[in-house]
Structures are given as C-alpha cells and as structure tokens.
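Single-structure report; data block below.
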2 protein chains.
Amino acid sequence: MLRVDTIDHRIISCLVSNARSSYAEIGAAVGLSAPAVKRRVDRLLDTGVLQGFTAVVDPEALGWGTEAFVEVHCRGNVAPGEIKANLEPLPEVVAAYTVSGAADAIVHLRASDIHHLETALERLRSVEIIDRTVSTVVLSRLLERPPAPDQQA
Amino acid sequence: MLRVDTIDHRIISCLVSNARSSYAEIGAAVGLSAPAVKRRVDRLLDTGVLQGFTAVVDPEALGWGTEAFVEVHCRGNVAPGEIKANLEPLPEVVAAYTVSGAADAIVHLRASDIHHLETALERLRSVEIIDRTVSTVVLSRLLERPPAPDQQA
DNA sequence: ATTGAAATATTGCATAC
DNA sequence: GTATGCAATATTTCAAT
C-alpha cells in the first residue's frame, strides 16, 4: 500500500528542491510522462508520504528573527498527547518533541525579538503541566535543510 | 527594497499552506489578479523573503524515523562559519545553530534508525573542531509547523 | 487589470505488464 | 489489477497592452 520505489524517491527529491516544478519537468528528470508523474504524486499525497507543499520563508524578513530551544520538564508523568495539546495553542511554538534524558520535551520557539521571546517563555512556563524550563537562545542559524532523500543507513 | 505589506503577508501565508496553489487561487484569496500576484511572488523571491518552495515529506516513510538534538562543544574559540563548514558535509545534519549558554552549537540530526544515528554521532564527534557532544534522542515528534505569518510581538 | 498566445494540468482511453 | 503513454480538453502562466 505505501510502497515507495526509486522513481518515487526521485520525484520526491525534485519536489523537495522545488515544489513548484511542472510535472513535465519532473518527468524529464525521472524518465516518465507528465501524467504518470502526476498520478504518482497524487498517490504519494494520498498515502501521506508527501504531506504537502510549502514556501520557505526567511524568518528575519517576517519579523521572526529570534529563536530558542527550550527543555521542558513536566510535573509528574504526562502523556505525549497531553503535552502536544498544551503546546499547540502557543503560536511561537514551531516544533516540539518528547525526548530521552532528564527533560520531557524539547520545544523550538520563534519570536520577533528578545522581548517577544521572553513573553512566549512566560506563557510557556505558565502552562499547567509544565514544572520548569531551560532555555537556550539561538545566536545564529548555521544550517537548515530537508533530509537528503537518497540517504540510507 | 525589502518592504513586505499586508497583501504580501497573505500571499506568503497562502504559499506556506500550499506552495502549489495557482496565482489565480492566491489572487482570489487576497483580492488581486493572477498577474499581480505573480509579480509580487517574483519580487518576494528576488528580495529573498521567499527562499523557495519545498515538499513536506513524512520522514518515517522515507526511512528517517530517528532523530536527535546534539549540543556541540568546540575546542577553544571557533567562528560560526567554520562550524557551518564542518557540519555541511554531514548528510544527517538537517539543522544547526550557534547558541548562548555552555554549548557552542545545537545540531539537529536525522537518521534512519538508532544504528545509523550512532554512526552519524561518531562522524560528528570525529570532526576536528568538536571537543565533545551531548545527545538527546527524540522519542516522538509532537509538533512541527511553519511560523504563523501574521504574528507580531 | 485585461487580453491572448503558449505552457501546463488533468482526464479519458488504449495498451502493456 | 496496476502502471504507463498518448491525445484531447481545461486551466494556468506570462508577456503584451
């Protein structure tokens, strides 16, 4: 059902590097006709392998220049779903993961400036299930890229 | 030069939620004709506000199920550019940031499984400028989303 | 913003595996 | 059944005004 072959990988690779490529362009790259490509893309979307297409925006340009990673420690034992539900309403939370080790979760925050970041951290700390947080402010973004599609262990 | 008005924000918002929308669709959403939208999108690409368009892929489906955040401590003082240059060749590095606090950088790794992650960590630790690393393995992805485009401090 | 020509997307259908 | 290519149609892009 959700089998992804070599051609699919190459199609995905094309779309990751440019989500607005035409089906004909992709087809030329992978050796298929435009309709065949479209059918595969539709199938990849149906099966959830492709989750959608998005624009890559310069965070600075939109006033999201300040970010931080926050270790979140919860009170007692909290289910991942509950953590998620509590973080989802906070607009500054761009990513969150449960993790091994001392902390329960790592939260990636984006804010417009240090003051906004402080406000976001206060709101984060005021979440009921959260006991305490350890923040690490990002000084500079060195690298940010999609996983290489052709990589294996 | 890099002025971004309300309509630009709404266009960006459309493209973030679906990078393959037609200009006509976006135009209908923001109250502009298709060519007018295209001109703005071209300008946003030129000025670097929009950096491109990409596909959102389910990492599991491509065998990228395992990830970790790694605090990197360098030997002595190292320039951000040098750290970047050293991390760029490692395919498992999907993001990296210099940070405040004890660590010099935070590196986001993606691997196909624990064994691959171990290999990637070994390669990371073998980088000349890196003194030691502290790894935090991700147990589950709770949330991952683009920053809300209409947010301000 | 509208027009019109060219490129692209999308569907139907026949064919091959 | 599954996937493809070709051809026809609908839609979109894009440069002109």
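The values are calculated or read from the model by the stated rules, or taken from the named source; none is laboratory data. Since we're looking at a predicted model, the values are computed, not measured. Virtual Cβ from ideal backbone geometry, glycine too; neighbours counted across all protein chains shown. Remember, those area values only see protein heavy atoms, side chains included, never the ligands or the DNA or RNA. Shrake-Rupley method; radii C 1.70, N 1.55, O 1.52, S 1.80 Å.
Note the direction-averaged projected area, equal to a quarter of the hull surface, for the Cα convex hull of chain A, in nm².
Convex hull of Cα atoms, orientation-averaged projection: 11.8 nm².
Determine the residues within the stretch A:47-67 where the difference in accessible area between the chain on its own and the full set of protein chains amounts to at least 40 Å²; count protein heavy atoms only and use a 1.4 Å probe.
Checking the loss per residue gives A:49, A:51, A:53, A:54, A:55, A:56, A:57, A:58, A:61, A:62, A:64.
Between residue A:77 and residue A:60, what is 0.36 nm times their sequence separation minus the Cα-Cα distance? Round to one decimal in nm.
The residue A:77-residue A:60 span can extend by a further 2.4 nm.
Once amide H atoms are built 1.01 Å from N in the peptide plane, which residues 5 or more positions from residue A:105, or in another chain, come under 5 Å H to H?
Sorted by chain and number, the residues that satisfy this are A:72, A:99.
Accessible area of the protein assembly as shown with a 1.4 Å probe: how many percent of it is carbon plus sulfur?
About 52 percent, which is the carbon plus sulfur part of the accessible surface.
Using the Karplus equation 6.51 cos²θ - 1.76 cosθ + 1.60 (θ = phi - 60°), what ³J(HN,Hα) coupling, rounded to whole Hz, does each residue of the stretch A:41-47 give in order, writing x for Gly and Pro?
Rounded to whole hertz, the list is 4, 4, 5, 5, 5, 4, 7.
Using θ = phi - 60° and the Karplus relation 6.51 cos²θ - 1.76 cosθ + 1.60, list the HN-Hα couplings for the stretch A:120-132 in order, rounded to whole Hz, with x at every Gly or Pro.
5, 5, 4, 4, 4, 5, 7, 5, 3, 6, 8, 8, 8
Probe of 1.4 angstrom, ligands and nucleic acids ignored: what's the accessible area per residue over the stretch A:3-116, in square angstrom?
On a per-residue basis, 42 Å².
Report the rotationally averaged projected area of the stretch A:59-137 based on its alpha-carbon convex hull, in square nanometres.
Average projection, Cα convex hull of the stretch A:59-137: 4.8 nm².
Check each of the trypsin sites (Lys or Arg not before Pro) in the stretch B:1-74 and keep only those in coil by DSSP with at most 15 other C-beta atoms within 10 angstrom; list them in order.
Counting only loop positions with at most 15 other Cβ atoms within 10 Å, the trypsin sites (Lys or Arg not before Pro) in the stretch B:1-74 are B:3.
So which trypsin sites (Lys or Arg not before Pro) in the stretch B:58-113 are both in a DSSP loop and have at most 12 other Cβ atoms within 10 Å of their Cβ?
B:75
Run the 1.4 Å probe and let me know the accessible area of residue A:6, rounded to the nearest 10 Å².
Approximately 100 Å² for this residue.
Can you order the peptides A:96-107, A:24-35, B:45-56 by their average number of other Cβ atoms within 10 Å per residue, highest first?
So the order, starting with the most tightly packed, is A:96-107, B:45-56, A:24-35.
At a probe radius of 1.4 Å, figure out the B/A buried accessible area, summed over both chains, and give it in Å² to the nearest 100.
Counting both chains, the buried surface is close to 6000 Å².
Apply the Kirkwood formula to the protein assembly as shown: the hydrodynamic radius equals the inverse of the mean of 1/r over all pairs of different alpha-carbon atoms; give it in Å with one decimal.
The Cα-based Kirkwood calculation yields 20.7 Å.
About the Cα centre, and with charges only on the beta carbon of Lys, Arg (+1) and Asp, Glu (-1), how big is the dipole of the stretch A:33-75? Nearest 20 debye, please.
Here the stretch A:33-75 has a charge dipole of around 440 debye.
What net charge do the residues around residue A:118 carry, taking every other residue with its C-beta under 15 Å from that of residue A:118, with Lys and Arg at +1 and Asp and Glu at -1?
Value of the local net charge: -1.
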